[in-house]
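Engineer: Below are the structure tokens for one structure; questions will follow.
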Protein chains: 2
Amino acid sequence: MGLFTKDIQTLDDLFVHTLQDIYYAENQITKALPKMIAKATDPELKSGFEAHLTETEGQIARLETVFEMHGQTPKAVTCPAIDGIIKETNEVSGEIGDKTVLDAALIASAQAVEHYEITRYGTLVAWAKQLGRDDCAAVLQQTLDEERATDERLTRLAEGQVNRRAA
Amino acid sequence: MGLFTKDIQTLDDLFVHTLQDIYYAENQITKALPKMIAKATDPELKSGFEAHLTETEGQIARLETVFEMHGQTPKAVTCPAIDGIIKETNEVSGEIGDKTVLDAALIASAQAVEHYEITRYGTLVAWAKQLGRDDCAAVLQQTLDEERATDERLTRLAEGQVNRRAA
């Protein structure tokens, strides 16, 4: 992006920029998840992260579909927000010795990632509808529903067993 | 924090660390909001940000209460996640020339901030309860409820008027 130009002129430009932002974010998440899988001890948490990695690959394919539907080539722009969230995940988990406490921290980190995705996909769905692209909105809504379901599963896992073991 | 030691040993340590993280985040938000107020054009968005600044100051005071209830001195630890979210807010808004499009982007950025707070306060409430600190959980729950209400207000403002004007 230009330092001396205003590259985003319309809501459509902003929609495409945000697609590029979350496309970058999803790709960074596929790199972060294998490390989280390796660190997790609780079998259900580990298998949940593995399933989410597969789901994330599907969400990337879905984003590529939306780019194409909207006449755009899939492209990523650096997203400092997800970089910060992943940096914090690595820093905090590096400070924890106890495995049960680490599981609790990994769930909290994963939920921070999910909430970033929930807010971005929620915005993208609203903007797509406003731009008359109900077709793109419908595809993005599928991912939004998956992210919300993942967040709820993580809450149940934390409150059902992981936090109790960590305490 | 030590580079060669594991400073977080227990769920209680992790709870305190996360309090310090969100204490830093809330303080950074009070620095970011005046810039967002200055950039906003829609009067309801501008006054909403102003009200949220006052609310954030109350949330900082509430965190200081929780630190004290838990026998801790209020302290902030750098939170790369909120730093990244705020950096992205500044970068994107710097790329936008049109004021109505900028308002739509500011709402999206504010909702990314809210979702970060929702996930952290949600986690803190769950951990406080697990640690037998229902008193701390009750105070943190008040802020969680405020953040959720702010997020819903921003959605209504976006879908009710700001996105339509930006399109």
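Engineer: Just the number please: accessible area per residue for chain B, 1.4 Å probe, all protein chains included, in Å². Write down the numbers at each step before the final one.
Structural biologist: Numbers: 6890 Å² over 167 residues.
Here the per-residue accessible area is 41 Å².
Engineer: If you don't mind, there's one more thing I want to ask. Tell me what chain A gives for mean residue ellipticity at 222 nm when only DSSP H runs of n ≥ 4 count, each as -39,500 (n - 2.57), the sum divided by the residue total, rounded to 500 deg cm²/dmol.
Structural biologist: Values: 6 runs with 131 residues, N = 167.
When only DSSP H runs of four or more count, the value is -27500 deg cm²/dmol.
Engineer: Taking 50 Å² as the minimum loss, tell me which residues in segment B:96-141 lose that much accessible area going from the chain by itself to the full protein complex (1.4 Å probe).
Structural biologist: Residues of segment B:96-141 that lose at least 50 Å² of accessible area once the other chains are added: B:Val101, B:Ala108, B:His115, B:Thr119, B:Arg120, B:Trp127, B:Gln130.
Engineer: Can you give me the P(r) profile for chain A? Cα pairs, bins 5 angstrom wide beginning at 0, each as a whole percent.
Structural biologist: Values per bin, smallest distances first: 1, 8, 17, 20, 17, 13, 9, 6, 4, 2, 0.
Engineer: Pull out a ≥ b ≥ c, the square roots of the eigenvalues of the alpha-carbon gyration tensor of the protein assembly as shown, then state rounded if a/c is under 1.5, prolate if not and a/b is larger than b/c, and oblate in the remaining case. Mind showing how you got there, number by number?
Structural biologist: Values: a/c = 1.93, a/b = 1.34, b/c = 1.45.
Oblate.
Engineer: Another one. Quick one: net charge around B:Val92, please, counting Lys, Arg +1 and Asp, Glu -1 for every other residue with C-beta under 14 Å from its C-beta.
Structural biologist: Net local charge, B:Val92 excluded: -3.
Engineer: How many percent of the accessible area of the protein assembly as shown is carbon or sulfur, using a 1.4 Å probe?
Structural biologist: Of the solvent-accessible surface of the protein assembly as shown, carbon and sulfur hold 52 percent.
Engineer: In whole percent, what relative contact order does segment B:25-167 give with Cα contacts below 8 Å and a gap of six or more residues? Walk me through the numbers on the way to the answer.
Structural biologist: On the way: 115 pairs, mean separation 38.1, N = 143.
So the answer I get is 27 percent.
Engineer: Now, a different point. Am I reading the A/B interface right? What is its buried accessible area, both sides, 1.4 Å probe, to the nearest 100 Å²?
Structural biologist: Result for this pair: about 3800 Å² buried.
Engineer: Count the net charge of all other residues whose Cβ sits under 12 Å from the Cβ of B:Asn27, scoring Lys and Arg as +1 and Asp and Glu as -1.
Structural biologist: -3
Engineer: Separate question: By its C-alpha gyration tensor, with a ≥ b ≥ c as the square roots of the eigenvalues, how is segment B:1-98 shaped: rounded for a/c under 1.5, else prolate for a/b larger than b/c, else oblate?
Structural biologist: oblate
Engineer: Moving on to the next point. Where along chain A is the Cβ that lies nearest the axis linking it to chain B, and how many Å separate them?
Structural biologist: A:Gly84, 1
Engineer: Moving on. Holding the Cα-Cα limit at 28 Å, pick out from B:Lys6/B:Lys129; A:Lys31/B:Lys35; A:Lys46/B:Lys87; A:Lys46/B:Lys31; B:Lys39/B:Lys75 the pairs that are longer than that. Write out the running numbers ahead of the final one.
Structural biologist: Details: B:Lys6/B:Lys129 24 Å; A:Lys31/B:Lys35 34 Å; A:Lys46/B:Lys87 32 Å; A:Lys46/B:Lys31 38 Å; B:Lys39/B:Lys75 31 Å.
Checking Cα-Cα distances, A:Lys31/B:Lys35; A:Lys46/B:Lys87; A:Lys46/B:Lys31; B:Lys39/B:Lys75 exceed 28 Å.
Engineer: What nm value, rounded to one decimal, do you get for the distance between B:Arg164 and B:Lys31 when each label is placed 7 Å out toward the C-beta?
Structural biologist: 3.9 nm
Engineer: Please compute the length gained on full extension between B:His70 and B:Glu50, using 0.36 nm multiplied by the number of residues separating them and subtracting their Cα-Cα distance. Mind dumping the intermediate values first?
Structural biologist: Values: separation 20, 0.36 × 20 = 7.20 nm, distance 3.08 nm.
The span from B:His70 to B:Glu50 would gain 4.1 nm if fully extended.
The values are calculated or read from the model by the stated rules, or taken from the named source; none is laboratory data. If you're wondering where the values come from, they're calculated on a predicted model, not measured in any experiment. Here the Cβ is made from the backbone with ideal geometry for all residues, glycine too, and neighbour counts use every protein chain on show. When the accessible area is computed, the model is the full protein with side chains, heavy atoms only, and any ligands, DNA or RNA have been set aside. Shrake-Rupley method; radii C 1.70, N 1.55, O 1.52, S 1.80 Å.
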